[in-house]
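Chemist: To start, I am sharing the structure in question, which I have written as structure tokens.
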Amino acid sequence: MHFVKKDPKQKKEALVSKLKTGNLLRFPGAYNALVAKLIEEIGYDGVYVSGGVMANDLGMPDIGLTTLHDVSTKSHQIARVTNLPTIIDIDTGFGEAMNVSRTIETIEGLGVSGCHIEDQMNPKRCGHLDNKELISTEEMVKKIKECVAAKQDENFKIIARSDAKGVEGIDKMIDRCKAYIDAGAEIIFPE
């Protein structure tokens, strides 16, 4: 049987269409291409590439040791084998606000449909761990604006993740998320 792969633009458009349905979407995590193929075969809505799982697959703890090269290589391997939209975790964006545009330029060309960036200080900690430190809301807003300005396809989704609940409380996290939406984030990921 010949299987025709969707091009990355079609996968981004599929993500947008799925988001517009208002349905709960299921994006199980894949740490390699084989798992991504199984996720598609089972019939899920998309594929998620977790930074924590990726770090662990590389034999490292999830404390900001992975590089843009690590993330882009693994994400490309995963995204290219499936017709499902793939969302990846870019941790803190691999640098300050001026660096995240390069990150977006790199990963958008790999066939992924979106990414999330978090508001932690670098080096970061896994979102499930204690003792996380946050950058200021203003600095995260700068990063989000750089992400949005760098993307080439309007259907590529910028997701702002906030780890503020465990550090500053739920009210401050909500305030941060509102600021991130105002900065251009299209999806919010409250940890």
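The values are calculated or read from the model by the stated rules, or taken from the named source; none is laboratory data. Keep in mind it's a predicted model, so treat the numbers as computed, not measured. Positions of Cβ are backbone-derived with ideal geometry, glycine not excepted, and every protein chain shown enters the neighbour counts. In case anyone asks, the SASA skips ligands and DNA or RNA and just uses the protein heavy atoms, side chains included. Shrake-Rupley method; radii C 1.70, N 1.55, O 1.52, S 1.80 Å.
Chemist: Filter 5/157; 20/145; 5/172; 9/143; 20/74; 6/172 down to the pairs with a C-alpha to C-alpha distance above 32 Å, please.
Modeler: Details: 5/157 21 Å; 20/145 23 Å; 5/172 43 Å; 9/143 24 Å; 20/74 28 Å; 6/172 41 Å.
Table pairs above 32 Å Cα-Cα are 5/172; 6/172.
Chemist: Could you pull the accessible area for residue 146 with a 1.4 Å probe, rounded to 10 Å²?
Modeler: Probe radius 1.4 Å; accessible area of residue 146 about 70 Å².
Chemist: Another question, if that's okay. At 0.36 nm per residue, minus the direct Cα-Cα distance, what do residue 98 and residue 41 gain on full extension? Give it in nm, one decimal, please. Walk me through the numbers on the way to the answer.
Modeler: Details: separation 57, 0.36 × 57 = 20.52 nm, distance 3.92 nm.
That pair, residue 98 and residue 41, stretches by 16.6 nm at full extension.
Chemist: Explain nothing, just the number: relative contact order of segment 68-156, from Cα pairs under 8 Å at least 6 residues apart, as a whole percent.
Modeler: On the way: 107 pairs, mean separation 29.1, N = 89.
Answer for segment 68-156 is 33 percent.
Chemist: Taking all protein chains as present, what is the carbon and sulfur share of the accessible area of the chain, in % to the nearest whole number, probe 1.4 Å?
Modeler: On the way: 5090 of 9600 Å².
About 53 percent, which is the carbon plus sulfur part of the accessible surface.
Chemist: Per the Cauchy relation, a quarter of the hull surface: what is the mean projected area of the convex hull of the alpha carbons in segment 42-134, in nm²?
Modeler: Details: hull surface 24.6 nm².
Averaging across all directions leaves 6.1 nm² for the Cα convex hull.
Chemist: If every alpha-carbon in the chain counts as one equal scatterer, what log10 I(q)/I(0) does Debye give at q = 0.12 1/Å?
Modeler: -0.54
Chemist: Here is a further query. Once both labels are modelled 7 Å past Cα along the beta-carbon direction, what's the residue 153-residue 9 spacing in nm?
Modeler: The modelled label-to-label distance comes out at 0.9 nm.
Chemist: Now a separate question. When ligands, DNA and RNA are left out and all protein chains stay put, how many square angstrom of accessible area per residue does segment 135-190 have with a 1.4 Å probe? Each step should come with its number before you reach the end.
Modeler: Details: 2780 Å² over 56 residues.
Result: 50 Å² per residue.
Chemist: Taking all protein chains together and a probe of 1.4 Å, list 69, 116, 76 from the most accessible to the least accessible.
Modeler: Working: 69 130, 116 0, 76 65 Å².
Largest to smallest exposure gives the sequence 69, 76, 116.
Chemist: Using helices alone, I'd like the mean residue ellipticity at 222 nm for the chain: each DSSP H run of four-plus residues gives -39500 (n - 2.57), total over residue count, nearest 500.
Modeler: Numbers: 8 runs with 85 residues, N = 191.
Mean residue ellipticity at 222 nm (helix-derived): -13500 deg cm²/dmol.
Chemist: Before I look further, what does segment 1-74 give for accessible area per residue, probe 1.4 Å, in whole square angstrom?
Modeler: 60
Chemist: Taking only C-alpha pairs under 8 Å that are 6+ residues apart, what is the relative contact order of the chain in percent?
Modeler: On the way: 346 pairs, mean separation 35.4, N = 191.
With pairs under 8 Å counted, the relative contact order is 19 percent.
Chemist: According to a simple spin-label model (label point 7 Å from Cα along Cα-to-Cβ), what is the distance in nm between residue 17 and residue 136?
Modeler: About 4.4 nm, to one decimal.
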